[in-house]
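A short worksheet on the structure shown next.
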Amino acid sequence: MKIIILSVTKYKEKDAIINAVSEAGYISLTAKGILDPKCKNHELNNILSIVDVDFIEGDYKYPIIKRNKILVSPIDMNSNYYLMSSLMLLSESTLHLLEESEYHKMYQSLYDAIVTLKNGENYLKVCLIYLARIITLAGYQLEFNHCVYCGSKENIVSFSFAEGGFICKNCASEDTENDLTPKQLKLLRATFLVKDYKIPNNIFNQEDGLYLLIKYGHFIEDGLGYSLNSIKLLTK
């Protein structure tokens, strides 16, 4: 079974409970000895590793891993602060913004995000797109193709999570939030609509990416009731 490790919790002296997601759903497994740096399976102690595992089921609290093969390990000697914080965001948002029964619905997106980061893609692009997919799965069907009020595709000047999407100049009022530039509106649209983790460089820059990440964090705190600590790490 292929799994993605979401968290590792100490269990006894050198053992750990691995909480992971597969295409089939959420699973917890006992990993013997992985907290011992000398253990050959010590690499299982890295979150968001993609692993092929076999396990033993029986009269145990959790099935016990008997064989594993690391398929993708996102953490290596060259990992930097932003990569580590991005991995934390992927894990934290999955664990805390979704129900356990929904984790598997993000399996392929999470898999692709890990591989994309591993391959050196800009961390902000990956984080923004992953959060956009989490927000969508959490039930927010936002409109990015036309004004939510009149349906116009022209003169889009604002976006509102509360109102459900884009707002045009004619429908905007004095109370309409107007804190995004035209380029930021295009970037926001791309993060929700792209099929992969590639955002064209002509609509992306670090400053805009950071601004949107903060905006997403505020919405997630207000709308989903959780403050992502990893966003604070990435934007400090």
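A few comments on the model shown:
- As a fraction of the 1.4 Å probe accessible area of segment 84-226, surface on carbon and sulfur atoms comes out at 46 percent.
- Restraint check, K169/K232; K105/K125; K10/K215; K32/K105; K69/K105; K32/K236, Cα-Cα greater than 30 Å: K169/K232; K10/K215; K32/K236
- Structure-derived Cα extents along the principal axes in Å: which label, when the choices are (1) 64, 36, 27; (2) 60, 40, 33; (3) 56, 43, 40: (1)
- Derived scalar couplings between HN and Hα for segment 209-218 equal x, 5, 4, 5, 4, 5, 4, 4, x, 5 Hz in order, rounded to whole Hz, by the Karplus curve 6.51 cos²θ - 1.76 cosθ + 1.60 (θ = phi - 60°), x for Gly and Pro.
- The charge dipole of segment 95-147, taken about the Cα centre with unit charges on the Cβ atoms of Lys, Arg (+1) and Asp, Glu (-1), comes to about 180 debye, rounded to the nearest 20.
- Summarising the amide proton neighbourhood of L6: residues at separation of 5 or more, or on other chains, whose placed amide H is nearer than 5 Å comprise N19, A20, V21, L48.
- Furthest towards positive pole of dipole, F161, V126, L228, structure part segment 95-236, Cβ charges: V126
- Per residue, the average separation of C-alpha pairs within less than 8 Å and at least 6 apart gives the chain a relative contact order of 15 percent.
- Kirkwood-based shape ratio for segment 138-236, expressed as Rg/Rh from alpha carbons: 0.96
- Extension gain, K232 back to K12 (0.36 nm per residue minus Cα-Cα distance, nm): 76.0 nm
- A Förster radius of 25 Å, combined with the Cβ-Cβ distance separating S22 from A162, puts the computed FRET efficiency at roughly 0.10.
- Take every Cα pair under 8 Å whose residues are at least 6 apart in sequence, average their separation, divide by the length of segment 72-147, and the relative contact order is 38 percent.
- A Förster distance of 25 Å, applied to the separation of the beta-carbon atoms of M1 and D59, puts the FRET efficiency at 0.75.
- E100-I203 pseudo-label distance in nm [points 7 Å out on the Cα-to-Cβ vector]: 3.9
- Per residue, in Å², the accessible surface of segment 80-230 once ligands and nucleic acids are set aside, probe 1.4 Å: 49
- In a reduced charge model with +1 at each Lys and Arg Cβ and -1 at each Asp and Glu Cβ, segment 26-118 shows a dipole moment near 380 debye about its Cα centre.
- Inter-part distance, segment 52-109 to segment 202-236, computed on C-alpha centroids, equals 23 Å.
- For the pair E143 and M84, a Förster radius of 22 Å applied to the C-beta separation gives a FRET efficiency near 0.05, rounded to the nearest 0.05.
- In sequence order, calculated HN-Hα J values of segment 46-59 (Karplus, 6.51, -1.76, 1.60; Hz; x Gly/Pro): 9, 5, 6, 5, 9, 9, 9, 10, 10, 9, 9, 9, x, 7
- Extension gain, E221 back to K153 (0.36 nm per residue minus Cα-Cα distance, nm): 21.5 nm
- Net charge, Y226 excluded, C-beta distance under 14 Å - Lys, Arg +1, Asp, Glu -1: -3
- Isolated Cys in the chain, by beta carbon distance under 4.7 Å: C39, C127, C150, C171
- Charge context of L180, other residues only, Cβ under 14 angstrom, K/R +1, D/E -1: 0
- Rounded to the nearest 20, the Cβ-based charge dipole of the chain about its Cα centre (Lys and Arg +1, Asp and Glu -1) stands at 800 debye.
- Full extension of the segment from D52 to D179, taken as 0.36 nm per residue of separation minus the current Cα-Cα distance, would add 41.2 nm.
- Under 5 Å, built H, 5+ apart or other chain: amide partners of S158: I167
- Segment 129-171 pair-distance distribution - Cα-Cα, 10 Å bins, rounded %: 32, 47, 20, 1
The values are calculated or read from the model by the stated rules, or taken from the named source; none is laboratory data. Since we're looking at a predicted model, the values are computed, not measured. Cβ sites come from the backbone with ideal geometry, for glycine too, and all protein chains shown count toward neighbours. For accessibility, only protein heavy atoms count, side chains too; no ligands or nucleic acids. Shrake-Rupley method; radii C 1.70, N 1.55, O 1.52, S 1.80 Å.
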